[in-house]
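Below: one structure, written as structure tokens.
The values are calculated or read from the model by the stated rules, or taken from the named source; none is laboratory data. Fair warning: this is a prediction, and the values are worked out from it, not measured in the lab. Here the Cβ positions follow ideal geometry from the backbone for every residue, glycine too, while neighbour counts run over all protein chains shown. All accessible areas refer to the heavy atoms of the entire protein, side chains included, with ligands and DNA or RNA removed. Shrake-Rupley method; radii C 1.70, N 1.55, O 1.52, S 1.80 Å.
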Amino acid sequence: MGRADPEEGHLPAPVKPPDGGWGWIVLLGCFVITGFSYAFPKAVSVYFKELMKDFHVGYSDTAWISSIMLAMLYGTGPVCSIMVNQFGCRPVMLIGGLLASSGMILASFTTNIIELYLTAGVLTGLGMALNFQPSLIMLGTYFDKRRPLANGLAAAGSPVFLSSLSPLGQVLLEKFGWRGGFLIMGGLLLNCCTCGAVMRPLDAGMKRKMEKAQDKYEAKEMLPIGGKSEEGISTTDGTKKTKKAKKKPKKGKKLLDFSIFSNRGFIIYTISKFILVLGLFVPPILLVNYAKDTGVPDTEAAFLLSIIGFIDIFARPACGMVAGLKWVRPHVSYLFSFAMLFNGLTDICSARASNYTGLVIFCVFFGISYGMVGALQFEVLMAIVGSQKFSSAIGLVLLIEAFAVLIGPPSAGRLVDALKNYEVIFYLAGSEVVLSAVFLAMATYCCLNRGKKKEPPTEKNPPGGGSDTEEAESDVQEAEEHSSDNHQPPHNTDNTVVAASEEANHVAEEQSGEGGGCPEGHGEALARDGCNADQTVERDSF
């Protein structure tokens with residue numbers, strides 16, 4: 001519905017995000033992919049004790065498995081961008097699902113920790129990276145008006161899968177051992193291939209339909225007229241061909257578009273995100289040990305993370321709904337700044353919590369703010385660079401974040417070992433998050449909003465803010481208008497003949513002015529319409 005059939009000679013509507021329909025299936029696939037990508041590296045930690053016994057290694061050695069997975073997820077961003085721009089989202093996701101699954105299956109047959117690093121770490125991590133980034137790109141393709149809500153719902157996959165994969169891993173470990181658990185986990189990761197299969201390209205099929213419909217329009221308009229106005233048609237076709245010839249030479253799509261660094265909004269976002277990641281993940285990593293040092297029992301200390309995950313499940317979709325409101329969405333970057341500020345102040349205010357009640361309150365507020373940050377981070381990036389450049393932007397951002405991930409938590413761990421004081425770490429992490437929030441808000445206001453006010457009224461968007469999408473839509477609209485000029489309703493076909501005859505009449509009048517009469521040898525239509533123009537106009541005026 002709402003889409004014309006090219007077989008009937010009607011031009012399809014311009015390709016726009018449907019904000020629903022098959023997009024909900026795409027959203028479900030993105031939900032699953034996000035859950036596996038963020039929760040799987042943490043859920044694998046359930047098997048660490050058994051791996052330590054079998055391979056006779058320490059905890060830090062086994063912890064490198066999760067670290068390598070996360071490093072691959074973040075660090076291979078540009079590689080994913082290049083592959084998506086070259087081959088498309090669906091093929092890349094299918095390959096990624098196979099790599100992720102084969103990595104865990106091969107890991108179940110390993111005999112030393114190095115082989116685990118290469119299989120469960122590198123291979124599975126690369127596979128999840130090849131799924132995560134394309135799924136976000138497809139989500140931005142299918143949603144526009146409801147994109148904040150879609151991003152919030154997709155981001156909720158992380159806490160949902162974390163709360164389910166960890167207990168599942170424990171059950172598999174008890175019944176089948178770590179090798180059987182890895183094998184079954186590898187089978188579960190094949191669901192990534194299913195999610196990749198549903199990522200149907202939105203624009204490719206529509207563009208082919210538009211080209212076919214355009215050709216049929218031209219053919220149908222040429223056939224009924226016949227030889228009555230051949231010269232008029234030839235002149236109009238000549239102008240069409242010259243226009244098409246001018247539009248034909250287009251630049252090939254870049255594998256990795258570095259021109260986004262000329263976008264000030266992207267630079268501001270990247271710097272802010274780097275500072276944010278330095279301190280964002282530190283509190284949840286150190287929370288359990290911090291609680292144990294204050295005298296909280298082990299089971300209750302572990303339950304604190306469950307509180308964060310439970311609150312996070314509801315915070316992300318709720319924040320997505322708020323970000324989608326008409327009066328909020330134009331200022332979504334300020335909402336993102338507020339979320340980061342909220343998170344940083346939560347860390348600072350809870351640094352001196354010394355009992356279990358204080359830690360529970362901290363987990364509630366941290367879960368809310370952490371969910372807000374998770375729901376808004378990619379929505380803000382999409383709003384800054386546009387859907388056409390998002391594939392390159394997210395790859396470069398994830399690469400930069402990889403350095404922050406490798407710097408932040410390890411540095412916090414070393415400070416804990418040196419100072420034996422968690423309070424300083426919470427103050428430091430909270431200060432970093434607050435700094436990123438203040439920087440994003442101030443830089444957005446000073447560098448972007450003031451720049452927009454100084455721009456002439458004809459320019460509505462800042463440079464790099466989705467200009468490629470607007471150009472593509474303008475090309476589609478121009479092609480649609482061009483074909484609609486040639487297309488007339490069936491009951492008004494005489495008007496087409498009149499238009500062609502008037503053009504031929506004009507040519508005849510010019511030649512008659514020079515040669516003094518009707519020119520010879522210009523065909524039946526030209527002789528009749530050119531010499532009896534008054535009769536033609538008078539007849540057709542009725």
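Quick one: which residue in Val92, Val122 is in the same structural domain as Leu183 (by the TED database), in contact with a Cys (Cβ under 8 Å, 6 or more places away or on another chain) and of a type in the set (A, V, I, L, M, F, W, C)?
Going through Val92, Val122 in turn, the sole match is Val92.
Of all residues in region 322-356, how many are modelled with pLDDT of 90 or more and polar (S, T, N, Q)?
Number of matching residues: 4.
Only one of these is in contact with a Pro (Cβ under 8 Å, 6 or more places away or on another chain), in a helix (DSSP H, G or I), at pLDDT below 85 and of a type outside the set (A, V, I, L, M, F, W, C): Ser45, Ser66. Name it.
One residue alone meets the criteria, Ser66.
All but one of (1) at pLDDT below 85; (2) assigned to a loop (DSSP other than H, G, I, E, B); (3) under 27 Å from Thr119 (Cα atoms) hold for Met199, so report the exception by its number.
If we test Met199 against (1) at pLDDT below 85; (2) assigned to a loop (DSSP other than H, G, I, E, B); (3) under 27 Å from Thr119 (Cα atoms), just (1) comes out false.
Given (1) in contact with a Pro (Cβ under 7 Å, 6 or more places away or on another chain); (2) crowded, with 22+ Cβ neighbours inside 10 Å, where does Ser369 come up short, assuming only one miss?
The one condition Ser369 does not meet is (1).
Enumerate the helices (runs of 4 or more DSSP H) found wholly within region 258-323, keeping only those where 1 or more residues are open to solvent by 50 Å² or more (accessible area, probe 1.4 Å) and over 20 Å from Phe426 (Cα atoms).
Here the list reads 264-280, 298-323.
I need a count of the residues in region 385-426 that are without any contact (Cβ under 8 Å) to a residue 24 or more places away in the chain and of a type in the set (Asp, Glu).
Summing the residues that are without any contact (Cβ under 8 Å) to a residue 24 or more places away in the chain and of a type in the set (Asp, Glu) in region 385-426 gives 1.
Looking at Thr111 and the list (1) open to solvent by 10 Å² or more (accessible area, probe 1.4 Å); (2) assigned to a helix (DSSP H, G or I), which single condition is not satisfied?
(2)
Mind checking whether some residue in region 158-178 is at positive phi, in the same structural domain as Gly23 (by the TED database) and either of a type outside the set (Val, Ile, Thr) or part of a helix (DSSP H, G or I) (or both)?
In the first step, residues of region 158-178 are kept if they are at positive phi; the result is 177.
Now narrow it down to the ones that are in the same structural domain as Gly23 (by the TED database): 177.
With the extra rule that they be either of a type outside the set (Val, Ile, Thr) or part of a helix (DSSP H, G or I) (or both), the set shrinks to 177.
Yes, some residue in region 158-178 is at positive phi, in the same structural domain as Gly23 (by the TED database) and either of a type outside the set (Val, Ile, Thr) or part of a helix (DSSP H, G or I) (or both).
Among the residues of region 93-108, write down those that are closer than 26 Å to Asp257 by Cα and crowded, with 24+ Cβ neighbours inside 10 Å.
Met93, Gly96, Gly97
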